[in-house]
Amino acid sequence: MATTTISPERTRSTSAPATTDGSTHADGTARRGGSTTPPPPLTSRAPALDGLRTIAILAVILYHLHVSHFDGGFIGVTVFFVLSGFLITTLLLGERRKTGRIRLGSFWGKRVLRLYPALIAFVVVGLALWNWVGDYKGATFSAGEAAFIALSYTGNLFRSFWDTTQGVFAHTWSLSMEEQFYLVWPPVLVLLFAIRSRRRWLMAGLGVVIVGASIASFLSYEKPNGGATPDVYFSPVLGVVPLATGCLLALLLDDERVRRVAAGIAGHLATWVGLAALVGVLLWIDGDWTQHASTFGVVLPVTGLVSAVLIGGLVSVRTPVSAVLAWTPMSWFGRRVSYSAYLWHPLVIALLGTFAIGAWGKVWLVGAALLVAVGAAYAVEVPVEKARKRFREAKRLVAADRAAREHATA
């Protein structure tokens, strides 16, 4: 089916679409002219992507603990960015396919309700413990200022343009990068839907953004003193690269012809090649990664591309890799705990890190960080999600009751 605009094709999204001969594939895909046509991504949950979240957050934690051979663990943030761009864009395209429009207010409201309660809880506890953890990695702000920056999603701007840090709240720069991106990207999609822009022009535009931002990051690099992280790492210019890469992948897989190709040998190759390349980058990066402009203009953009290749394979075919990542404990942690783990692990490290001596000290410190993350997820995120579900159900019942009364009156 030819796709000339970015409006996604109207594809059946049932769990087992029928084929022309009345049969279906075991994985619920349809057969057209002897070829496989999978449904659009995320018509059902992809547990393998949740498992990938688990791997990414563990890499970040081990990097922050300075564990040997994990000097490249910071690329876990890049993986998160690519995942985020892919998932959000896929969901927006799915909404457009299902309802014919994208409700920006609803999208932003859901983002706030999903992310903000946990962030508020983390900031409140961080403020309460500020006397013990406030100087973590050299905070340049007071407790109140650092908290305001975290809650206003501006941490990346302060770190990249003013060379400052918020101590134990410093890692919220990545959350800021995502939320700033999602203030811009969905309205761009809505506008391009409205003018019926051609899909290939949108993808070409994303490609220009990715290449241009990578070059700009390379040119704007300034070597830091000592082991500090260059300001360009926190810059929106570099941060947009993996996010846009994920968006580009979502647009590619929204095309039926691309999905048909990815459902074959190409999907298997993408999974294995993407995994091998990502592990290779992780192990190849050493402790002097901050001293090279190529890290920011080449290595990190390529890491985003490799992550997109892996994600494309994971959502297209079933492989031993996707089976391992979809293993219930692995996918559960990524789905339920990864956000809390990212939020809380620096606080745990700052509070208990001086007591973690030797290899076993780091082991129990990781365990403590994960326990805190699980507790925070079930203390904050789960109750908020349940409240949201009850509200949606009540709203649905009210709407159904109103419709029934109107029908009876008519």
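Can you work out which of the residues in the stretch 143-170 that are of a type in the set (Phe, Trp, Tyr) and not in a loop (DSSP other than H, G, I, E, B) is least open to solvent (accessible area, probe 1.4 Å)? Within the stretch 143-170, the match that is least open to solvent (accessible area, probe 1.4 Å) is 169. Could you say whether any residue in the stretch 270-277 is in contact with a His (Cβ under 9 Å, 6 or more places away or on another chain), open to solvent by 10 Å² or more (accessible area, probe 1.4 Å) and more than 14 Å from residue 89 (Cβ to Cβ)? No, the stretch 270-277 contains no residue that is in contact with a His (Cβ under 9 Å, 6 or more places away or on another chain), open to solvent by 10 Å² or more (accessible area, probe 1.4 Å) and more than 14 Å from residue 89 (Cβ to Cβ). With respect to residue 196, is the statement that it is over 14 Å from residue 302 (Cα atoms) and either crowded, with 18+ Cβ neighbours inside 10 Å or among the hydroxyl-bearing types (Ser, Thr, Tyr) (or both) true? When the stated conditions are applied, residue 196 does not pass them. With respect to residue 362, determine if the residue is under 17 Å from residue 121 (Cβ atoms) and not hydrophobic (A, V, I, L, M, F, W, C). Against the criterion (under 17 Å from residue 121 (Cβ atoms) and not hydrophobic (A, V, I, L, M, F, W, C)), residue 362 does not qualify.
Residues of the stretch 58-97 being open to solvent by 20 Å² or more (accessible area, probe 1.4 Å) and not in a helix (DSSP H, G or I), which ones? Listed by number, the residues that qualify are 66, 67, 68, 69, 70, 71. Criterion applied to 298, 281, 309 was being open to solvent by 20 Å² or more (accessible area, probe 1.4 Å), touching a helix residue (DSSP H, G or I) at 6+ places or on another chain (Cβ under 9 Å), assigned to a helix (DSSP H, G or I) and closer than 21 Å to residue 87 by Cα, and the one residue passing it is 309. Taken over the stretch 111-134, the criterion of being modelled with pLDDT under 90 and either touching a His at 6+ places or on another chain (Cβ under 9 Å) or surrounded by fewer than 19 Cβ atoms within 10 Å (Cβ to Cβ) (or both) is satisfied by 131, 132.
Residues being buried (at least 19 other Cβ atoms within 10 Å of the Cβ), on the phi > 0 side of the Ramachandran plot and not in a helix (DSSP H, G or I) are entirely absent from the stretch 135-142. Restricting the stretch 98-121 to residues that are touching a Leu at 6+ places or on another chain (Cβ under 9 Å) and part of a helix (DSSP H, G or I) leaves a set whose member that is nearest to residue 194 (Cα to Cα) is 107. Determine which single condition residue 143 fails, assuming it passes every other condition in (1) closer than 23 Å to residue 254 by Cβ; (2) free of Cβ contacts under 8 Å to residues at least 60 places away in the same chain. All conditions are met except number (1).
Scanning the stretch 353-367 for residues that are more than 18 Å from residue 70 (Cβ to Cβ) and not in a loop (DSSP other than H, G, I, E, B), we see that the one that is most open to solvent (accessible area, probe 1.4 Å) is 355.
State all residues of the stretch 98-107 that are over 28 Å from residue 48 (Cβ atoms) and open to solvent by 70 Å² or more (accessible area, probe 1.4 Å); if no residue qualifies, say none. 101, 103 - these are the residues of the stretch 98-107 that are over 28 Å from residue 48 (Cβ atoms) and open to solvent by 70 Å² or more (accessible area, probe 1.4 Å). Residues of the stretch 44-73 that are within 30 Å of residue 353 (Cα to Cα), within 14 Å of the chain's Cα centre (by Cα) and not basic (Lys, Arg): 50, 51, 52, 54, 55, 56, 57, 60.
The values are calculated or read from the model by the stated rules, or taken from the named source; none is laboratory data. All values derive from a computational prediction rather than experimental measurement. Quick reminder, even Gly has a Cβ in these numbers, built from the backbone with ideal geometry, and neighbours come from all protein chains shown. Side chains are part of the model used for accessible areas, which takes the heavy atoms of the whole protein and leaves out ligands, DNA and RNA. Shrake-Rupley method; radii C 1.70, N 1.55, O 1.52, S 1.80 Å.
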